[in-house]
Amino acid sequence: MFRGTGTALVTPFAEGRFDEESFRRFIEFQIEGGVEALIVLGTTGEAPSVSEEERTEIISCAVATAAGRVPVIVGTGSNSTNHAVSSSLMAQELGANGVLVVTPYYNKPTQEGLYRHFREVAKAISIPMVIYNVPGRTGCNIHPDTVLRLADLENVAGIKEASGDMAQVDDLIRRVKKVRPEFKVYSGNDDQAFHLVCSGGDGVISVLSNVVPRETSTMIRSALDEDLPAARKAHMKLFPMMKGLFVETNPIPVKCAVARLGYCSQEIRLPLVPLSEKAKDGLDCLMDELGL
């Protein structure tokens, strides 16, 4: 797995279909911007609105375009363990370097249920798996004790932590790094990534880097290199954009911003709708401030 910045990529659409040409151009923009990994079909990639046929097209396109230059990690989570297993196997067969598996949503399993869910996915595949904890979306929080149990499984490689609870994150880093130093802890929140890395974490799976890949990856590398003045300065400069990209539900604002940069259309799938005109004005101001 990577250390640094992994971009949670938007998925370009045009006239209701996956826009492969735009996706290839956008991936090149990300790699040229210095990101260390590409995360495909996560929340930011509108995974819930993508068909199985499109999943195959999107994963294949990402793997072919990356061509081994950076790892491609595919979102394969589901609230059905069997579906998460089959999606993870498909991603593996298509050449993914890893999978990102979110905690099951809506059915709200116990901690034992979470452990068994992730264990089943890990047993079925041979590529690394990253757990994704985002209770604000799933209604389900995976506790550090459960993560430590899962860290005993060889191909459970890390966690994307988006609980928003920095005390929980610090507790997890402190405990998991003692027993398995190579276990990766990534921030799932751009506005907490600087702090997580300073606490001993390994980077970020980022929405922000869709828009400013070089600036985001430079900030995170500075923090990893313990150049705290440079990292802090970059964090403060980028902080307004970090917040602005969540003025409405992700990925609505970031899809608009990437479209403003010319890498895709603003087309987004229901039940999400395009960014409101008022929010667009604010986003334009933030992009102007960054020279975009």
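Neighbours of Glu112 by Cβ distance under 14 Å: Lys/Arg scored +1, Asp/Glu scored -1, total +2. Here the chain is treated with +1 on each Lys and Arg Cβ and -1 on each Asp and Glu Cβ, and its dipole about the Cα centre works out to around 660 debye.
Among Val179, Val207, Val74, the residue with the largest mean-square fluctuation in a Gaussian network model of the chain, with springs joining Cα atoms closer than 10 Å, is Val179.
Simple rule: put +1 on each Lys or Arg Cβ and -1 on each Asp or Glu Cβ in the chain, find the dipole, and look at Val207, Pro253, Gly4; the Cα lying farthest toward the positive end is Gly4. Given the pairs Lys255/Lys280; Lys108/Lys255; Lys237/Lys278, which span a C-alpha to C-alpha distance of over 21 angstrom in this model? Going by Cα-Cα distance, Lys108/Lys255; Lys237/Lys278 fall outside the 21 Å limit. Computed extension length for Arg260-Glu182: 24.2 nm, one decimal, from 0.36 nm per residue of separation with the Cα-Cα distance subtracted. Remark: the Cα gyration tensor places region 4-236 in the oblate category, a/c being 1.5 or greater and a/b not exceeding b/c.
Rule-based calculations on the coordinates, nothing more; no lab input. Predicted model, so just to flag it, every value in this text is computed and none were measured. Neighbour counts run over all protein chains shown; Cβ positions are idealised from the backbone, glycine included.
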